[in-house]
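The values are calculated or read from the model by the stated rules, or taken from the named source; none is laboratory data. The shown structure was predicted, so the numbers you read here are calculated from the model rather than taken from an experiment. Cβ sites come from the backbone with ideal geometry, for glycine too, and all protein chains shown count toward neighbours.
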Amino acid sequence: MQDLYHAIRDVPDFPKPGIVFKDITPLLLDPARFRRAIELMAAPFRESGVRRVVSIESRGFLLGAPIALLLDAGLVPIRKPGKLPAARGRVEYALEYGTDALEMHRDAVNHGDDVLIVDDVLATGGTAEAAAKLVRAHGGEVVGFTFLIELEFLKGRDRLRNERVEALLHYA
Ligand code: AMP
């Protein structure tokens, strides 16, 4: 696992002062490590009957796509407003200042589908929580979340306390 940590680059003060951005692009450049990360992120959900892998814009797409193939599940993008072309549902969620929104195609998840939600980083958990809300509003059953990175000090797991949350790399 240690060599996966070495494939994550810390970029201080991006996108604004005080934030240490976890840059996953070195991992994406390394096929052996990238493959291992994907396999380990998918592993806990191999027997969960996942029908849809919902991935969150934009770095979630890079991880969600190969995980969906591994789990033999359909891939669903959740996007920022105005990006998806067909009929879509929307959820709004609070940010530190103001609100943001996420959208998903209405026909992407069917009633009763078991859904796995994928993103690169679990920070405060607000984005993941909103994604789950959107999936459930469409009748999907959220079987869990899988993240590459968990920023434990931001306590996102507390926000998702009734959910099954898996994360590969932990930063205290
Ligand atoms: P949150 O809603 O606070 O859990 O934030 C999660 C979203 O913001 C994810 O889609 C991440 O890609 C992104 N994110 C938050 N913090 C970081 C960070 N330190 N480095 C990279 N991405 C981050």
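Report whether or not residue 69 is out of contact with any Gly (no Cβ under 8 Å at 6 or more places or on another chain), modelled with pLDDT of 95 or more and in a helix (DSSP H, G or I). Give the steps one after another, and end with the answer.
On the way: out of contact with any Gly (no Cβ under 8 Å at 6 or more places or on another chain): yes; modelled with pLDDT of 95 or more: yes; in a helix (DSSP H, G or I): yes.
It is true that residue 69 is out of contact with any Gly (no Cβ under 8 Å at 6 or more places or on another chain), modelled with pLDDT of 95 or more and in a helix (DSSP H, G or I).
Looking only at the stretch 17-44, which residues are in contact with an Asp or Glu (Cβ under 8 Å, 6 or more places away or on another chain) and modelled with pLDDT of 95 or more? Outline the logic, then answer.
Of the stretch 17-44, the ones in contact with an Asp or Glu (Cβ under 8 Å, 6 or more places away or on another chain) are 19-24, 33, 41, 44.
Selection gives 20, 21, 22, 23, 24, 33, 41, 44.
So, in the stretch 8-33, of the ones that are on the phi < 0 side of the Ramachandran plot, assigned to a loop (DSSP other than H, G, I, E, B) and within 14 Å of the ligand (Cβ to nearest atom), which residue ends up nearest to the chain's Cα centre (by Cα)?
24
Scan (1) in contact (Cβ under 8 Å) with a residue 12 or more places away in the chain; (2) closer than 21 Å to residue 68 by Cβ for the single condition residue 136 breaks and write down its number.
Evaluating residue 136 over (1) in contact (Cβ under 8 Å) with a residue 12 or more places away in the chain; (2) closer than 21 Å to residue 68 by Cβ leaves (1) as the failure.
Inside the stretch 79-91, can you point out the residues that are aliphatic (A, V, I, L, M) and either farther than 27 Å from residue 22 by Cα or near the ligand (Cβ under 10 Å from one of its atoms) (or both)?
Of the stretch 79-91, the ones aliphatic (A, V, I, L, M) are 84, 86-87, 91.
Correct list: 86, 87.
Rundown of residues vs (1) away from the ligand (no atom under 16 Å from the Cβ); (2) among the aliphatic types (A, V, I, L, M), yes/no style:
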{"site": "36", "(1), (2)": "yes, no"}
{"site": "40", "(1), (2)": "yes, yes"}
{"site": "50", "(1), (2)": "yes, yes"}
{"site": "58", "(1), (2)": "no, no"}
{"site": "72", "(1), (2)": "yes, no"}
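Among what's in the stretch 103-130 and is within 14 Å of residue 57 (Cα to Cα), crowded, with 22+ Cβ neighbours inside 10 Å and among the hydrophobic types (A, V, I, L, M, F, W, C), pick the residue that is farthest from the ligand (Cβ to nearest atom).
Ranking the candidates gives 104 first.
Mind listing just one residue for me: the one in the stretch 92-102 that is aliphatic (A, V, I, L, M) and exposed (fewer than 15 other Cβ atoms within 10 Å of the Cβ) and, of those, farthest from the ligand (Cβ to nearest atom)? First the steps, then the outcome.
Going residue by residue through the stretch 92-102, those that are aliphatic (A, V, I, L, M) are 94-95, 101-102.
Checking the rest, the ones that are also exposed (fewer than 15 other Cβ atoms within 10 Å of the Cβ) come to 94-95, 101.
Numbers: 94: 10, 95: 8, 101: 13 Å.
This residue is 101.
Name the residue, out of 118, 142, that is in contact (Cβ under 8 Å) with a residue 60 or more places away in the chain and among the aliphatic types (A, V, I, L, M). I'd like the intermediate steps shown before the answer.
Details: 142 fails: in contact (Cβ under 8 Å) with a residue 60 or more places away in the chain.
The unique qualifying residue is 118.
For the stretch 80-113, enumerate the residues that are within 21 Å of residue 164 (Cβ to Cβ), assigned to a strand (DSSP E or B) and of a type in the set (A, V, I, L, M).
Of everything in the stretch 80-113, those that are within 21 Å of residue 164 (Cβ to Cβ), assigned to a strand (DSSP E or B) and of a type in the set (A, V, I, L, M) turn out to be 91, 102, 104.
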